[in-house]
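Presented below is the structure to which this report refers.
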Amino acid sequence: MAQQKVELRKIRDFSDNLNDTFVFIRQNFKPLLTAFLGIAGVFMLTAAILQGMFQSDMGGIFEDIFKGKKSRSYSGPFQIFTGYYFLAMFASWATIIAMQVVIVSYLKVYEAKGNTEPEISEVWNQFQKYFLSVFVYSIPLLLLTVVGFAFCIAPGVYFAVVFMIFPVVLIMEEVSFGEAFNRCFTLIKDNFWSSLLIYFVVYLIYAFGSGIISAIVGLITGLISYFTTNDIGTTMGIVTSVLNIFSFVFYIIFYISVIIHYFTLTEKYDGTGMMRRLETLGATGTTTNTEEEY
């Protein structure tokens, strides 16, 4: 007997969120992973190459310093802020936004099709529609969160929790920046601590899984570099960053949990899922109009 598809719009507690997250990923693993890597993979690869080039460049500078060479001019700690640094940072942030938009787009199409796995072309259409706006809107939210952390850690944590669902609200509800901004505060208002707990735990799962992949990749590339006599620092830096793309797969767990929690928040506030189920029940109910017999 086939397992029942995950109903997105319902209220869940902490354990239900984790359980449905893994059930949803298991039921949608192949199409979800295909869309994730097929669309966001371009951003991951670009960011990986730029990070590899930056790491190689910095590694060469530090190697010359340690060896006492004068071949490179060292102008102090601010020398780290090279062109590669800013390109890598930009590409990394674009990668995070791309991953979020792909996952939200997948679930939006999934729900619209009646809990049916979408085609990658359908996810791509949604991605094209929302990626640029989510990327642009994320900049002021990021700055606000950074300022919150700079002045006092608590406001930064609060903003990080509130804005975690911003891309979900923007895409799922098709609203403007201001409406999505206010909606995030409305939904989190009485649910901050439960949201923080869920985000913290699933982020630990993501960090642990991606950390294992990164450690394995680092060990393999380290051994290759150790047993190779040629200078392949730049190549290995790029290869290491590219192989670390596989660690991004664990981000699916994190953001699927965030989206499922969004549905819990909206169900508590709006009750749309319950209303839809009642409407469906009323539409499928049968009534018999037969003439009375005497």
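Values quoted throughout were computed directly from the atomic coordinates according to the rules given, and no laboratory measurement underlies them. In this text the structure is predicted, and so the values were computed from the model without any measurement. Virtual Cβ from ideal backbone geometry, glycine too; neighbours counted across all protein chains shown.
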Taking other Cβ within 10 Å of each residue's Cβ, how do V104, V258 sort, fewest first? V258, V104
So how far apart, in nm, are the two label points at V136 and D270 if each is 7 Å from Cα heading toward Cβ? 2.4
Report the full-extension gain for the segment K5 to T34: residue separation times 0.36 nm, less the Cα-Cα distance, to one decimal in nm. 8.5 nm
Stretchable slack from A215 to L45, in nm (0.36 nm times residue separation minus alpha-carbon distance): 59.3 nm
Under a crude label model (7 Å from the Cα following the beta-carbon direction), how far is F81 from F151 in nanometres? 2.3
Whole-Å semi-axes of the ellipsoid equivalent to region 156-208 (Cα gyration tensor, √5λ, descending): 21, 13, 8
With label points built 7 Å along Cα→Cβ from the Cα atoms of Y203 and D16, find their separation and express it in nm. 2.5
For the pairs K129/K189; K10/K189; K108/K189; K129/K268, note any where the Cα-Cα span goes beyond 26 Å. K129/K189; K129/K268
V157, V42 arranged by Cβ crowding within 10 Å, fewest neighbours leading: V42, V157
